[in-house]
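Step one of this worksheet: look at the structure below.
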Amino acid sequence: MTKILAIETSCDETAASVVEDGLHIRSDVVASQIDIHRRYGGIFPEIASRQHILALPTVVQDALAQAHADWNDLDAVAVTYGPGLAGSLLVGVNAAKGLALSLDLPLIGINHLEGHLYSNWLETDGAVQAPRFPSVCLIVSGGHTELVLIRGHLDYEVLGRTLDDAAGEAFDKVARLMGLGYPGGPAIQEAAEGGSPAAFDLPRARLRGSLDFSFSGLKTAVLRIVQRYTDKVQSPADTAVIQLPLRSLPVANLAASFQMAVVDVLVEKTCQAAERFDAAEILIAGGVSANAALRHEMAARADRPVRVPPLFLCTDNAAMIGAVAHHRFLAGERADLDLDVIPNLRLEDL
Ligand code: KG4
Ligand code: ZN
């Protein structure tokens, strides 16, 4: 039996978890900074790292307490070292190094994206379902949109990725354009309720033959529509929250149409990849995998089993980091105390 303390601070969640055998979540503590960043309309990197420093000691202690674990019960300390915000990653990595050194425990560095893949295989509601390989996983988060072929544990190939915005980023930017607030994904999902996905004919970048994605054309199309209703729209790159005179904007219809345009392409490409590589199952992971329309459409359109993480494991958490760490621990991987953060770390770098 292995018991691993995992730490995750790559973005705006300060998280720690104790995971047993890569499957059983003994504790899962997440301190979200969303309320702090909301007033800036997006993540403010310096504030994120400072907030991690403030929150991490308590988060780690809570993770141990909830797991009824003692420092001596741990077999290793695992930490996300990339991809993510440099200052945020540094807080987790330095804390993990300090713990590993003082407790004389092995240190294991984990790729955040690999963590999202593993969020699908943790025990939920008392049940463990063994992975089936090969599988195809769609990782859709605020910073990434990637289609990954998983041949076995720790064995991946990236089949396609976004050429511009990540899916979550597109949700966040379009929500800001529509004056819906931050984070945009949940805001758009809520605004879309009762709206018609067919109300606006929005573009889908199919990039025929390729498993890559592109969402910038869709974002611009939404911008043009919003501009028809107001002349005060600012660039989606601006971070300030805007108050638009949007009374006449058909918010529900536009949100539903945008959501379906994103979901359509995500589902279509994932199914193509699954067919091309004869996947035994399809997985979804990352913050956008919490999206109800995506979960529904993938299950409805896929011609093979679809596995989605429970909602609490879709967005950033440390349990998924502990799940990967178990396999890397068994494989004998150990990080040195000079482990550095790699903000643009890719799955291919593993
Ligand atoms: O994985 P995550 O928590 O952090 C990153 O690693 O980026 O993903 C955050 C992203 C944000 O862009 C957020 O808007 C999106 O996930 N998101 C959603 C939903 N919940 C979170 N997007 C669409 N629908 C949702 N329900
Ligand atoms: Zn993430």
**Accessible surface of the chain, 1.4 Å probe, proportion on carbon and sulfur as whole %** = 50 percent
**Request:** Can you list which of the GluC sites (Glu not before Pro) found in region 12-99 are DSSP loop residues with at most 11 other C-beta atoms within 10 Å?
**Result:** none
**Fill in**
Out of Gly142, Gly322, Gly195, a Gaussian network model of the chain with alpha-carbon springs under 10 Å gives the largest mean-square fluctuation to Gly195
**Request:** Specify the residue with the greatest mean-square fluctuation among Asp212, Asp172, Asp155, computed from a Gaussian network of the chain linking alpha-carbon atoms under 10 Å apart.
**Result:** Asp155
**Prompt:** With the dipole of the chain worked out from charges on the C-beta (+1 for Lys and Arg, -1 for Asp and Glu) around the Cα centre, which of Gly82, Gln189, Tyr156 lies farthest toward the positive end?
**Reply:** Gln189
**Request:** Kindly sort Glu123, Glu333, Glu190, Glu281 by accessible area of their heavy atoms, largest first, with the probe set to 1.4 Å.
**Result:** Glu190, Glu333, Glu123, Glu281
**Request:** Using the heavy atoms of the protein chains and a 1.4 angstrom probe, tell me the accessible area per residue for the chain in square angstrom.
**Result:** 41 Å²
**Fill in**
Under a Gaussian network model of the chain whose springs join Cα atoms within less than 10 Å, the largest fluctuation of Ala127, Ala292, Ala100 belongs to Ala127
**Request:** DSSP loop (so not H, G, I, E, B), at most 11 other Cβ within 10 Å: list which trypsin sites (Lys or Arg not before Pro) in region 34-133 pass both filters.
**Result:** Arg39
**Fill in**
Rh (Kirkwood, all Cα-Cα pairs) for the chain, Å, reads 20.6 Å
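When the helix-only estimate is applied to the chain (DSSP H runs of n ≥ 4, each -39,500 (n - 2.57), divided by the residue count), what is the mean residue ellipticity at 222 nm, nearest 500 deg cm²/dmol?
On the way: 11 runs with 138 residues, N = 350.
Calculated at 222 nm, the ellipticity per residue is -12500 deg cm²/dmol.
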**Message:** Among the complete DSSP H segments of the chain, which ones combine at least 18 Å of alpha-carbon extent along their axis with a mean Kyte-Doolittle hydropathy of -0.5 or more?
**Reply:** 45-66, 86-103, 216-229, 251-276
**Item:** Residues with amide H under 5 Å from that of Thr145, placed H, sequence gap 5 or more
**Value:** Thr162, Ala167
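The values are calculated or read from the model by the stated rules, or taken from the named source; none is laboratory data. Quick caveat: nothing in here was measured; it's all calculated off a predicted structure. Ideal geometry is used to build each Cβ from the backbone, glycine not excepted, and the neighbour counts take in all protein chains shown. Areas reflect the complete protein model, heavy atoms only, side chains present, ligands, DNA and RNA absent. Shrake-Rupley method; radii C 1.70, N 1.55, O 1.52, S 1.80 Å.
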